[in-house]
Amino acid sequence: MPTSPFLTREGPTLGVSRRRLATPEFRAVLAGVSIASFIRDTVVIRARAALLLAPEGAVVSLWTAARIWGGVVPDNDWTHVSFMRDVRFRVRGVKHHRFRHRLDVRKWQGLPVTSPGQTFCHLARHLGLIDLVALGDRLVKKGRCTPSDLVHYTDAWPGQCRAEAVRAAGLVRERVDSVPETAVRLLMVLAGLPEPQVDIPILDSEGNVRFRIDLGFEEVKLAIEYDGRWHDTDGQREHDTWRRTVLSTEEGWTFVVVRAHELYEEPEDLLHRLVSELQEHCISIPAILCDEWRRHFRIASVAA
């Protein structure tokens, strides 16, 4: 039985009769492309299906390429492919793009995919600063590139939105674990506050890593950590409480715990809280905060 997508019309040549194709044993990936039903739907499966239908020269790109490289990007229902020439191509669920610059192609599991650097640059036209930096952070975390790679790639980028790509690349960091962690860091940076360190290791007496702190200022032992929904489970909540108690009582760390509603609905209040903690720990901050963060964070409206 075929375990990869195949053109439905070619089913009989693969030993799959038309009658069998009509049974629950198979499902459609895209119109004209089928696969065994037990194969789960993934971005790679959809990309393979799109390339079966696309004209010659198609390259997986944009949101689809970002996900294939392990990046995190906002939801997008299309499978994206790109060309270096004009084509006539219309398939429901597939969106094609025409680029006049040369596509920088890499292979991933046999698929032609725009390189991590070019994918980052292409998406600079479509993503806001926070989402673009979060994409870069995840590409680095996955080992697809380094922050320096992205800086050099964007600096030489000849395409659209070069300035946006360069700005975002300069804010990408290593060892970032989540999109909210990126957002907390950028909220501070865009407000003009000192940038916190990322992924601070806490060592035991033998030099082994005992704990890690998401964000913080090691010199004054101020930790800033985001607690998402999964932190609300009983086991994780108990572990978080135990870990922070140990680090507070034994190591002298202070924790600022950020919740989703603060970051995504009340960022101004969160900034005030962060400013207060920084001042208490004698960290120098500007007399007047920069307003750039307001362009990138949603501020909940207040009823009159």
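The values are calculated or read from the model by the stated rules, or taken from the named source; none is laboratory data. These numbers were taken from a predicted model, which means no experiment stands behind them. All Cβ positions, even for glycine, are placed from backbone atoms using ideal geometry, and neighbour counts span all protein chains on display.
Within the stretch 268-282, track down each residue that is in contact with a helix residue (DSSP H, G or I) (Cβ under 7 Å, 6 or more places away or on another chain), surrounded by 17 or more Cβ atoms within 10 Å (Cβ to Cβ) and either more than 24 Å from R237 (Cα to Cα) or small (G, A, S) (or both). Within the stretch 268-282, L271 is the sole residue that qualifies. Of note, A260 satisfies the criterion of being modelled with pLDDT under 95, among the aliphatic types (A, V, I, L, M) and closer than 18 Å to V184 by Cα. Against the test of being at pLDDT 95 or above and in the same structural domain as V133 (by TED's automatic domain parsing), the options L62, L7 yield a single qualifying residue, L62. Could you check Q109 against (1) surrounded by fewer than 17 Cβ atoms within 10 Å (Cβ to Cβ); (2) without any contact (Cβ under 8 Å) to a residue 24 or more places away in the chain and say which number it fails? Result: Q109 passes all but (2). Selection over the stretch 251-267 of residues that are over 21 Å from the mean Cα position of the chain (by Cα) and either crowded, with 17+ Cβ neighbours inside 10 Å or not in a helix (DSSP H, G or I) (or both) gives a count of 7. As a summary of the residue check, R19 satisfies the conditions (1) more than 23 Å from K95 (Cα to Cα); (2) surrounded by 13 or more Cβ atoms within 10 Å (Cβ to Cβ); (3) of a type in the set (D, E, K, R) except for the one numbered (2).
Yes/no matrix, rows are residues, columns are (1) buried (at least 16 other Cβ atoms within 10 Å of the Cβ); (2) farther than 24 Å from R125 by Cβ; (3) outside the structural domain of R144 (by TED's automatic domain parsing); (4) touching a strand residue (DSSP E or B) at 6+ places or on another chain (Cβ under 9 Å):
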| position | (1), (2), (3), (4) |
| --- | --- |
| A165 | yes, no, no, no |
| Q197 | yes, yes, yes, yes |
| P201 | no, yes, yes, yes |
| R212 | no, yes, yes, yes |
